[in-house]
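Engineer: Take a look at the following structure, please.
The values are calculated or read from the model by the stated rules, or taken from the named source; none is laboratory data. This one's a predicted model, so the numbers in the text were calculated from it and none came from an experiment. Here the Cβ is made from the backbone with ideal geometry for all residues, glycine too, and neighbour counts use every protein chain on show.
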Amino acid sequence: MPQPDHIVKIALPDDSELDADIQKYFSICQDKLGMVPYVLRAYTANQAKFRTFSQFYNQLMLDEETCNLSKLEREMIAVVVSSANRCYYCLVAHGQAVRELSGDPQLGEMMVMNYRVAELDGRQRAMLDYAWKLTKTPHEIGDADRAALKDAGFSDQAIFDISDVTAFFNYTNRMAHGLDMMPNPDYHAMSR
């Protein structure tokens, strides 16, 4: 059964109506990924916010120099946060990224359904427990939670990065829910 065929439940401009820099960005996505992620199309509802969103996402999730977490760890956080929030878009899109980066399709599914069943090392478990708690009960985060991350080997900067990725995906999950955002259908079959 196919998912609904909309991107979001609000009107979006046609690609031809987008500013030239965004059209170029989409062309690069098409060349590199073979598609334009629907989340990017969704943000064209406000082209200035599209620019801010895409720049922040690229720095947060793709930049190796400014983050103390691997790309896989960042994607694992994205999926665990999205699991806590039941965000269909992010579970499908970032679950695929976990499958691809780990080379393990089962890990992607475990992250989506219940990360606790995965055989993770202590460092990853501490990171994901923190992300889950920061998502579900942020008011309960305290010194003991940060100490658990330090005990697992995370620096202060890495704790900042874990918190940053967690916070970002709580934001994007709420945008996806609010707009009824659908993932690109292509993600379902990738990296399996």
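Engineer: If you go through region 176-187, how many residues are closer than 17 Å to SER83 by Cβ, in a helix (DSSP H, G or I) and at pLDDT 95 or above?
Structural biologist: So in region 176-187, the residues closer than 17 Å to SER83 by Cβ come out as 176-177, 181, 183, 187.
Next cut, in a helix (DSSP H, G or I) only: 176-177, 187.
With the extra rule that they be at pLDDT 95 or above, the set shrinks to 176-177.
Looking only at that region, the number is 2.
Engineer: Among the listed residues ILE141, ILE162, which satisfies the condition of being more than 16 Å from GLY95 (Cα to Cα), in contact (Cβ under 8 Å) with a residue 40 or more places away in the chain and of a type in the set (Val, Ile, Thr)?
Structural biologist: On the way: ILE141 fails: in contact (Cβ under 8 Å) with a residue 40 or more places away in the chain.
The match here is ILE162.
Engineer: Only residues in region 168-192 that are on the phi > 0 side of the Ramachandran plot count as the first member; pair them with residues that are of a type in the set (Lys, Arg), Cβ under 9 angstrom, at least 6 apart or cross-chain, and list the lot.
Structural biologist: Close Cβ pairs satisfying both conditions: ASP180/LYS9; SER191/ARG99.
Engineer: Okay, moving on. Mind listing just one residue for me: the one in region 141-163 that is in a helix (DSSP H, G or I) and touching a Leu at 6+ places or on another chain (Cβ under 9 Å) and, of those, farthest from LEU62 (Cα to Cα)? So that I can check it myself, show each step before the final result.
Structural biologist: Looking only at region 141-163, we keep the residues that are in a helix (DSSP H, G or I), and these are 143-151, 156-163.
Next, from what is left, pick out any that are touching a Leu at 6+ places or on another chain (Cβ under 9 Å): 145, 158-159, 161-163.
Values: ASP145: 26, ALA158: 15, ILE159: 18, ASP161: 13, ILE162: 14, SER163: 16 Å.
That would be ASP145.
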